[in-house]
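Scroll down for the structure; my scribbles are underneath it.
The values are calculated or read from the model by the stated rules, or taken from the named source; none is laboratory data. Model, not experiment: these values are computed from the prediction. Positions of Cβ are generated from backbone atoms using ideal geometry, with glycine treated the same way; all protein chains shown enter the neighbour counts.
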Amino acid sequence: MNRLLVSAAHKSSGKTTVSLGLCAAFAARGLAVQPFKKGPDYIDPMWLSRASGRACYNLDPYLMTPEQIGALFARQGAGADLSIVEGNKGLYDGLALDGSNSNAALAQLLGLPVLLVIDARGMTRGIAPLILGYQAFDRHIRIGGVILNRLGGSRHEAKLRAVIEHYTDVPVLGAIAEDPDLAVAERHLGLMPSNEHADAARQIGLIGERIAAQVDLARVRALAAGAPALNLSPATIAPAARPAACVRIALAQDRAFGFYYPDDLQALRDAGAELLPFDTLQDPALPDAIDGLFIGGGFPELFMHELQANASLRTQIASAIAAGLPTYAECGGLMYLARSLQWRGERCEMVGAVAGDATLHQKPVGRGYVHLAATDHMPWAGLQGEAVRGHEFHYSSLDGLPADTRYAWRITRGHGIDGRHDGVVQHNLLATYAHLRSVAGTDWARHFVDFVRARRSLCARVEQPERLAA
């Protein structure tokens, strides 16, 4: 497998733009490029997927075992000409003191040569000890090349190249000038998912062209081809046979809600779910004849006026949940199901299935990994009494919940809804700030599908309003 890790000395060095540009540039040259992203993230993978034309998969040492990471990497990378893993934060950054969940640990596990992106603003001779230090810190890691980013001009580039050549044995594989267009791209990548970006294709094309013009693609490809042989078996996560009893689950998938891991969606299908996408902004009703509903994360606050305007859909969702439709909502989905959403002094009506009000704040309320312990109110049989891991990242709080609110999760790490609980349970609804992953030991997708299947005999399928009227 030809493969490499794009990492950096620290966050905001430009590794996402470089990763995106490499995916776009190689894909434009006819290569099958398989992207991966280290850690929990939805936005960067959406852009990498658009650039490469292949779904991007997350590799998370905190939520996944080494065996799960290796099997996923092998299965998705099989048949690709090149696999590109984008790191998060810096090369040696991670939660564990021993670096066991760092980018470097992932590189060692998968035998990934490292392409180190360095924000070179204001640097000359000092770049040498930085590179030498990164080499010496862990001799198991092979830094196969550097890309100098945000250069001040040709003289700056020449000085850095001379210093690196004189003091180190690491080749310079690219030198990217300070570029306002790329700065705009980095800002979009950090704030706006590609499903919201009206001009994503043009932006990706521009980045691909700029990176191709300033990075030696042939040497980058040679670095990836020089990765050591790796004995990984994709068979360990081969999907099980699909159950005969299929259930139909409506999936909110649009500009407001797009935070889904592709392996989770596949896990839902493997468990026997037919996923029926719908648009919360434009569709007047849910898909016909559904047995369940899944609303993932996103940025509903950016579209709260459009969500409020689609009153027919909001009303139908509220009625369906009250009638017992099995529903799962994560983060943005929880906000949408609340009574209202408040942001920047404005308030919009939401679905009202959750008896609380979502309010956006200037700083994050909950961010990072969460540890959850299922309470007696957890509605999914397979997770009752279980302790699981997930992640959260939300600027909103959920206020005004009744004192007798039932929660599916007790928080042992993280914030959730109130610092102690997460996962509002009402009727057959579970709405939570936490994001789960099917590969993180929870197998939540199968448990949710089993819950939907078990409730199907008790709850009538949701039909479109015109059919109900007929």
Original post:
Restricting to the range 46-60, what's the tally of residues that are over 18 Å from Leu31 (Cα atoms) and out of contact with any strand residue (DSSP E or B) (no Cβ under 8 Å at 6 or more places or on another chain)?
Top reply: 0
**OP:** Would you check which residues across the range 28-47 are modelled with pLDDT of 95 or more and under 18 Å from Asp199 (Cβ atoms) and list them?
**Re:** Ala28
**OP:** Pick out the one residue from Asp60, Asp81, Asp41, Asp93 that is within 25 Å of Ile131 (Cβ to Cβ) and in the same structural domain as Ser12 (by TED's automatic domain parsing).
**Re:** Asp93
Subject >> Any chance Ala408 is touching a Gly at 6+ places or on another chain (Cβ under 6 Å), closer than 27 Å to Ala454 by Cβ and either modelled with pLDDT of 95 or more or part of a strand (DSSP E or B) (or both) >> reply: yes
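Of the residues that sit in the range 275-318 and are under 25 Å from the mean Cα position of the chain (by Cα) and in a loop (DSSP other than H, G, I, E, B), which one is surrounded by the fewest Cβ atoms within 10 Å (Cβ to Cβ)?
Quick first cut of the range 275-318, residues under 25 Å from the mean Cα position of the chain (by Cα) only: 275-282, 292-304, 306-307.
Still in the list and also in a loop (DSSP other than H, G, I, E, B): 279-282, 296, 299.
Details: Asp279: 15, Thr280: 25, Leu281: 18, Gln282: 12, Gly296: 22, Phe299: 22.
Selected residue: Gln282.
Hey, does the range 447-458 have a residue that's outside any helix (DSSP H, G or I), at pLDDT 80 or above and not β-branched (Val, Ile, Thr)? Don't jump to the end; show me each part of the working.
Kept after step one, since they are outside any helix (DSSP H, G or I), are these residues of the range 447-458: 457-458.
Subsequent filtering for residues that are at pLDDT 80 or above retains none.
Scanning the range 447-458, I find no residue that is outside any helix (DSSP H, G or I), at pLDDT 80 or above and not β-branched (Val, Ile, Thr), so the answer is no.
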Subject >> Matching entry among Ala431, Ala403 (being within 21 Å of the chain's Cα centre (by Cα), at pLDDT 95 or above, in the same structural domain as Gly332 (by TED's automatic domain parsing) and at negative phi) >> reply: Ala431
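Can you give me the number of residues within the range 1-19 that are under 17 Å from Arg221 (Cβ atoms), assigned to a helix (DSSP H, G or I) and not β-branched (Val, Ile, Thr)?
1
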**OP:** Go through the range 319-346 and give me each residue that's assigned to a helix (DSSP H, G or I) and farther than 13 Å from Thr280 by Cβ.
**Re:** Ser319, Ala320, Ile321, Ala322, Leu334
**OP:** Being closer than 20 Å to Ile147 by Cβ, surrounded by fewer than 24 Cβ atoms within 10 Å (Cβ to Cβ) and at pLDDT 95 or above is the filter here, so list the residues in the range 91-109 that pass it.
**Re:** Tyr92
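Suppose we filter the range 61-80 for residues that are assigned to a loop (DSSP other than H, G, I, E, B) and touching a strand residue (DSSP E or B) at 6+ places or on another chain (Cβ under 7 Å); how many remain?
Matching residues across the range 61-80 total 3.
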Original post:
How many residues does the range 347-385 hold that are surrounded by fewer than 22 Cβ atoms within 10 Å (Cβ to Cβ), in contact (Cβ under 8 Å) with a residue 40 or more places away in the chain, under 24 Å from the mean Cα position of the chain (by Cα) and not in a strand (DSSP E or B)?
Top reply: 1
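So if I check each of Ala338, Ala323, which one is over 30 Å from Arg54 (Cβ atoms), surrounded by 19 or more Cβ atoms within 10 Å (Cβ to Cβ) and either assigned by TED's automatic domain parsing to the domain that holds Gly390 or free of Cβ contacts under 8 Å to residues at least 12 places away in the same chain (or both)? Talk me through it step by step, then tell me what you get.
Values: Ala323 fails: surrounded by 19 or more Cβ atoms within 10 Å (Cβ to Cβ).
None of the others qualify; the one that does is Ala338.
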**OP:** Please state which of the following conditions Val117 fails to meet, knowing it meets all the rest: (1) within 30 Å of Leu232 (Cα to Cα); (2) modelled with pLDDT of 95 or more; (3) out of contact with any strand residue (DSSP E or B) (no Cβ under 9 Å at 6 or more places or on another chain); (4) not acidic (Asp, Glu).
**Re:** (3)
**OP:** Would you mind stating whether Leu206 is modelled with pLDDT under 90 and either surrounded by 18 or more Cβ atoms within 10 Å (Cβ to Cβ) or within 30 Å of Ala252 (Cβ to Cβ) (or both)?
**Re:** no
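Of all residues in the range 120-141, count the ones that are touching a residue at least 40 places away in the same chain (Cβ under 8 Å) and among the aliphatic types (A, V, I, L, M).
First pass over the range 120-141, keeping only residues touching a residue at least 40 places away in the same chain (Cβ under 8 Å): 120-121, 128, 130, 134, 137-138, 141.
Imposing the further condition that a residue be among the aliphatic types (A, V, I, L, M) reduces the set to 120, 128, 130, 141.
Result for the range 120-141: 4.
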